[in-house]
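J.: Below is one structure. I have some questions about it.
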Amino acid sequence: MKSTVAVLSSDSVNRYGYRFSLGALEDATWQNVPYGIPSNISHDRHRLIGWIQLLGLYFEPHMAKSVGMFLTAENQIDSENIYKRFYNHIIKEQKQIEKEYYKEFIPLIENHVSSEKEFLYSGCAAYVDSNIVAKIFPKLDLLRNNDRDKLIPIDKLLKDFNYHGQGIFFHKYLKLSIFAHQYFRRSLSRINNFHFIFLDAFMSLSNNTDIKMKIAIDFDMIGYSPSYSENHELEYWYGPTYNDNIEQIKQGLSIYKNDEIESIMSNLERLEVEWTINENEHTLQSEEVRTLDKPALGDKYGCRYVHSIYLSDKKIFDHFDGAVRIYDEDLFLERSYCNMTEFGRRSDYNKLFRIDGKLPIEEWKTLTTHYYQGNRLIYEYFNIELDDFNRKEDIGPEDISNFVPYSMKEGDGVRLLYSYHEKNETKDVISISNYDTITTSNGEHSAIEFNIVEIKKLLQKENVDLKIPKSLCLIQSKDAYWNIPLLFHGGKYGSNQAMKTLIAIKEIVNKYIEKGAHKVISFTLGWNLEEKEVRISVAGHVKDIADWMLSCPPFPATRSQVNIWLEHQSKYLKRFNYKNIPDISSIIKGDGVLFFDRKNVGNDTNIRFKNTKNGLNYEMKIPKDKPYISKLIKKGDLFIAPAFIYEDVICSKTNHDYMDSPYSALFDNNITKIVQKCSVLGAFWSDYSSVI
């Protein structure tokens, strides 16, 4: 399974003008750990692309981001695993909501539903049953049957219903709701959300007396209004600003095609637009042609269609309607190779809305664009540049971040990850929960950095034993970075014990500062919080970490204390200038740990170590196609930091194993570590030379 860091949301104001509070982001994580949530292309539940395992909140100056790990399949077994999770998620979600609302909902409809009814939650708790709306609201059925397109006039619909938003209408007196037609939904499917940006814009015109509006209703679905929940889709589609010179558009057919990536994202192959002109009457027909991927409607393919009539002498549209054309598999295969004018009208035509009267051009533009929500080609047709919000700026090969993407300096402020995990049943006062993994000629080994011994020595003074298994490889990299492994604190008062460990780390940080060392560290402390384990991971320059520690309140011991603690962190980090560093994907790991993932020099060069009379030396050949590496090294921007596996280290005072010695080379004068035996692990790139 391939795993990638995913930013899900943040506490900053989004393009719709609202923001999620830290409390809301934290609660979403709490509710979904450890289960996770499905990830779909363009919010379409029929287009599962992977799974998101939520982690928690990542704090940087002026912003907190909700983060998780995005899991995608690398083989058939992975794919089956993801689909199994997805189906279990849907079943669990539906059963939980049905159980919550069944007792109040069923008595309202039990005289009308059949034994074939199916529960569905889609904006509201609802039951799907053939013609259920007509049975409960026969007046609507009469209105439908009086219209040749089976549409309901909006003015008559709103006599008994209020439009609540997102395609759902609440009855004014009963706790029941009805829905816009299912073909307004993504992939025309009831398990998906509506394209509600269009529906909300459409219904906003309901008070306009210059137009008559009609809409198609889903007569096979009835909802329970009190269960309504607003959906948030962080996908931005805005109203266009193209010009009003409709009459200048030339007669004829235009075809716009998606590139490969956009075709995958939108599930659309092309957009066809045809204008015909008869004196002052300009008629538009436009139809999407989707890809040949498996459709959501069994073997049926649905394509959105728009028809409009513009009167150039009056500068208004006097007719505008939208529909979906449904093709069976054989017919659609033929349609995919023909354009609209060649193919003719050979589909199952389903009209969804209609507007007649005096529709202003600006309203028509907005509605047309939003009806084709998810289709970027409509912007291309009207010569509007659509922001590529996900574009990542390319960096040159000579950029230092290619070699040290996790680089941090004094003044950058700390980075903090607050995450939730399954409850840890360990009873030890303190234990190392996770280890790094290294590969040698003898295979893979669990490893930690040797400096963990200094934390062990400080904790021993507090009568706390941090056990370091003898089987571990103890490594030391001669660079400016140190990853302290996850330290879990068991027992009833885990948060208190974690604060004691923080004090021990604080002593080490202050000692580095006292010695004038440029040192950047990461550490992670964990404990159980109610039914989950919480992990707090911190990374930064020792001077920034020391400053953070001075203001850090006690770790939360109960859920009610969490938001106060998180708000404090957010407020603290506002004192620093915003910098989108380090690269988030290079420092966040799926176990809730901020980790400096060093890059091996051997991946970019040919490096060889050898022992000489003067000690360990190395030879390095830089490929001819990478001359920038030499330039960075000569400028002093890039350094080579050798790394070792310490196999036998003794204390200079006791001549015994340094790990068991009560003395510390960091804290005690005239004490040194004597490395009796070690082996070369390799070399890593660094932005600083060797330090203490």
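J.: Please give the number of the condition LYS635 fails out of (1) of a type in the set (Lys, Arg); (2) farther than 29 Å from SER679 by Cα; (3) under 33 Å from the mean Cα position of the chain (by Cα).
T.: So LYS635 meets the others, but not (3).
J.: Right, something else. Does ILE468 qualify as being in the same structural domain as MET408 (by TED's automatic domain parsing) and either touching a Cys at 6+ places or on another chain (Cβ under 9 Å) or of a type in the set (Ser, Thr, Tyr) (or both)?
T.: Taking the combined requirement at face value, the residue does not satisfy it.
J.: Scan the stretch 46-68 and give yes if some residue there is of a type in the set (D, E, K, R), without any contact (Cβ under 8 Å) to a residue 60 or more places away in the chain and not in a helix (DSSP H, G or I), otherwise no.
T.: No, the conditions are met nowhere in the stretch 46-68.
J.: A follow-up question, please. Among the residues in the stretch 124-143, are any of a type outside the set (A, V, I, L, M), out of contact with any helix residue (DSSP H, G or I) (no Cβ under 8 Å at 6 or more places or on another chain) and at pLDDT below 95?
T.: Scanning the stretch 124-143 turns up no residue that is of a type outside the set (A, V, I, L, M), out of contact with any helix residue (DSSP H, G or I) (no Cβ under 8 Å at 6 or more places or on another chain) and at pLDDT below 95.
J.: Within the stretch 93-113, which residues are without any contact (Cβ under 8 Å) to a residue 12 or more places away in the chain and either among the hydrophobic types (A, V, I, L, M, F, W, C) or within 21 Å of VAL33 (Cβ to Cβ) (or both)?
T.: Within the stretch 93-113, LYS95, GLN96, ILE106 meet the criteria.
J.: Let me ask something additional. Could you check how many residues of the stretch 661-678 are outside any loop (DSSP other than H, G, I, E, B) and exposed (fewer than 13 other Cβ atoms within 10 Å of the Cβ)?
T.: 3
Matching residues to (1) closer than 30 Å to ASP220 by Cα; (2) more than 21 Å from the chain's Cα centre (by Cα):
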position	(1), (2)
PHE20	no, no
ASN40	yes, no
ILE82	no, no
LYS92	yes, yes
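J.: Check TRP275, TRP364 and return the single one that is at pLDDT 90 or above, surrounded by fewer than 21 Cβ atoms within 10 Å (Cβ to Cβ), part of a strand (DSSP E or B) and not charged (D, E, K, R).
T.: TRP275
J.: Anything in the stretch 533-557 that is touching a helix residue (DSSP H, G or I) at 6+ places or on another chain (Cβ under 8 Å), at pLDDT 95 or above and assigned to a helix (DSSP H, G or I)? List them, or say none.
T.: VAL542, LYS543, ILE545, ALA546, TRP548, MET549
J.: Right, something else. Condition first: outside the structural domain of LYS300 (by TED's automatic domain parsing), over 21 Å from HIS43 (Cα atoms), assigned to a helix (DSSP H, G or I) and touching a residue at least 24 places away in the same chain (Cβ under 8 Å). Can you find one or more residues in the stretch 193-205 that meet it?
T.: yes
J.: For the stretch 112-141, which positions are surrounded by fewer than 21 Cβ atoms within 10 Å (Cβ to Cβ), over 37 Å from the mean Cα position of the chain (by Cα) and outside any loop (DSSP other than H, G, I, E, B)?
T.: Residues satisfying the conditions are ALA134, LYS135, ILE136, PRO138, LYS139, LEU140, ASP141.
J.: Quick one: count up the residues across the stretch 584-624 that are acidic (Asp, Glu) and part of a strand (DSSP E or B).
T.: Here the count works out to 1.
J.: Which residues, counting only those in the stretch 327-356, are in a strand (DSSP E or B) and over 18 Å from ARG148 (Cβ atoms)?
T.: Selection gives TYR327, ASP328.
J.: Taking the stretch 69-87 as the search range and keeping residues that are of a type in the set (Ser, Thr, Tyr) and either part of a strand (DSSP E or B) or touching a residue at least 12 places away in the same chain (Cβ under 8 Å) (or both), which one is nearest to LEU22 (Cα to Cα)?
T.: Ranking the candidates gives THR72 first.
J.: Next question, about the same structure. Are there any pairs with C-beta distances below 6 angstrom linking a residue in the stretch 323-334 that is crowded, with 17+ Cβ neighbours inside 10 Å to a residue that is among the aliphatic types (A, V, I, L, M), with the two at least 6 apart or on different chains, and if so which?
T.: Pairs that qualify, where the first residue is crowded, with 17+ Cβ neighbours inside 10 Å and the partner is among the aliphatic types (A, V, I, L, M), are ALA323/LEU352.
J.: All but one of (1) touching a residue at least 60 places away in the same chain (Cβ under 8 Å); (2) among the aliphatic types (A, V, I, L, M); (3) under 24 Å from ARG415 (Cβ atoms) hold for ILE448; state the number of the condition that does not hold.
T.: (1)
The values are calculated or read from the model by the stated rules, or taken from the named source; none is laboratory data. In this text, all values refer to a predicted model and were calculated from it rather than measured experimentally. With ideal geometry, Cβ positions are generated from the backbone for all residues, glycine too; neighbour counts draw on all protein chains shown.
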